[in-house]
Amino acid sequence: RWAWLIVGMAMLIAVLPASAQQDLQRSIERAISNADLGETKIGVSVVNLRTGAQLVEINANEPMIPASNMKLLTSASALLSLGPDFMFETRFVLDDGRLIVIGSGDPGFGDPALLADLPEPMDVDGLMDFMVDAIATSAGSSIREIVIDDRVFDREAIHATWPTEQLQYYYCSEVGGLNFHLNVVNVFARPTSLNQPARVVIEPDVSTVEINNITSTVGSRTAAGRPQRSSIHIRRSDAGNRLTVSGRVARSVGAPTSVRDTAIVFGELLAERLEAAGVSVGASYESASEVERRVSDGENYSESTILIIKTPILEVLKRCNTDSYNLHAEALFKRLGYSITRQPGSWSLGAASMRTILNDELGPHALEGLRLADGSGMSRRNAISPTTLSALRVHMNLVEREGIRTVFRESLARSGEGTLTRNFVPASQLRHDIVAKTGFLNGVRSISGYVMPKQTQEPTVAFSIVMNG
């Protein structure tokens, strides 16, 4: 009932002709009443972008848990502060035999979807080969040690209010100054002989992520002749990166799981790949996994940059809003704090910086009741009113700074795309396009966005619908 109501209200907003807009409030109130959702708290704000008139206000000024609608505030604030031409950069520097990897908080570094979208697509193994070739060309046959400089962010990798029982899942992955491959490994299980353990491999393949394989290979069909389902369950150890993989495997199956201390795991992976390519890393008695470390506080080095890998902010915004990746939102949030204060980015600095930006852009009235905890909406400590969510999108539709309005709009999912795939019929069947961001937590549903006539592709309505409880 939640899902049908929230989509139904958005569809009402999208399809009513202008002559019937005065009836929109009554139509939505009737939809809410007919849904019989008991004590559920529902907030709705709908604004006519041409006139600025409020078309619908239902608990619109009530601060509510926004879930992933929080990403709208994060992405807009980051775009307004950093600009549409901003690039995240991961730099590789040689200094007296050392290789220093300097992170910028880039959540797109090694992101498989972004690698696949390159003009010359590659996978993570291709990226590692590219980096190893560039390093070997400059460093020669040996490297004394690998140093990870992740000081752009603090080292609180997990928000204190995230659910501890979900931290191994990709949407709760750690957030650091050096991120890689979404801070997850993909675990794949492939059938072998009947009743024998399946073959389990991980991507990227790094030896310091250990696998305890207790899977079993089963037949491709059940006793009743139906196709046998494959499923695996992954349990991460309480400390370190030991993964216990269980389940029944009839055909190849895979799932991602987050890893701890990604910056060091990346250093270990890089060391292993360099060794495999013939570059000696560390002293001869050391293993490749013993020669990487984090930079020390106050440590300096002379920079001789040999490689820079960049990710445009537009790509990060699209992964944040269209695909709703929490890592990308949190990296933007922390980077916002770093960019304004030049102190290691943190959740507290991100919140303070965002509040400053919203105050300047929207005015203090938009901050009434606003609570900011994280950048993705994973925390239930966030609270935003539908009015603030609508005001933000009205502002982002009017902002005149070059490129910002277009980049923000392009970061959102369209009906039938990204997180709107399941919620709407294909865009070709709608009279208007929905361009929006959804949100989901247990007990929370939200959707905020624009309605755009297909002919003009200019938004006419901004709307926000949030349900709690």
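The values are calculated or read from the model by the stated rules, or taken from the named source; none is laboratory data. Values in this document were obtained by computation on a predicted structure and should not be read as measured data. Cβ placement follows ideal geometry from the backbone for every residue including glycine, while neighbour counts extend to all protein chains displayed. For the accessible areas, the whole protein counts, side chains as well, though only heavy atoms, and no ligand, DNA or RNA atoms are used. Shrake-Rupley method; radii C 1.70, N 1.55, O 1.52, S 1.80 Å.
Remark: relative contact order (the chain) = 24 percent; criterion is Cα-Cα distance under 8 angstrom and separation of 6 or more residues.
For Rg and Dmax of the Cα atoms in Å, the value computed from the atomic coordinates appears in the list (i) 22.9, 75; (ii) 24.3, 83; (iii) 24.3, 79 under label (iii).
With a/c under 1.5 counting as rounded, go ahead and sort region 108-198 into rounded, prolate or oblate using the C-alpha gyration tensor (a ≥ b ≥ c being the square roots of the eigenvalues; past the cut-off, prolate if a/b is larger than b/c, else oblate). It comes out oblate by the Cα gyration axes.
Our summary gives region 133-210 a relative contact order of 20 percent, counting only alpha carbon pairs under 8 angstrom and 6 or more residues apart. Against the chain, whose longest principal axis comes from its Cα atoms, helix 24-35 is set at around 70 degrees. For a modelled paramagnetic label at N61, 7 Å from Cα along Cα-to-Cβ, no residue of region 431-462 is in reach, as no backbone nitrogen comes under 11 Å. Estimated purely from DSSP H runs of n ≥ 4, each contributing -39500 (n - 2.57), the mean residue ellipticity at 222 nm for the chain is -9000 deg cm²/dmol once divided by its residues.
Given +1 at the Cβ of Lys and Arg, -1 at the Cβ of Asp and Glu and no other charges, the dipole of region 160-285 around its Cα centre is 880 debye to the nearest 20. Kirkwood radius, region 298-366, all distinct C-alpha pairs, inverse of mean reciprocal distance: 14.1 Å. Against the chain, whose longest principal axis is taken from its Cα atoms, helix 70-82 shows a tilt of about 70°.
Sorted largest first by accessible area at a 1.4 angstrom probe radius, with every protein chain in place, the residues Y450, Y338 fall in the order Y338, Y450. Between D297 and E400, residue separation times 0.36 nm minus the direct Cα-Cα distance comes to 33.0 nm. Subtracting the Cα-Cα distance of S428 and S304 from 0.36 nm times their residue separation leaves 39.4 nm of extension gain.
Measuring only protein heavy atoms, the 1.4 Å probe finds V451 accessible over about 0 Å². Seen against the Cα atoms of the chain and their longest principal axis, helix 262-276 is set at about 40 degrees.
Using C-alpha pairs under 8 Å with a sequence gap of at least 6, the mean separation divided by the residue count of region 322-395 gives a relative contact order of 26 percent. Between Q457 and S246, residue separation times 0.36 nm minus the direct Cα-Cα distance comes to 71.1 nm.
Here r is the Cβ-Cβ distance between Q343 and Q25 and R0 is 60 Å; the resulting FRET efficiency, rounded to 0.05, is 0.85.
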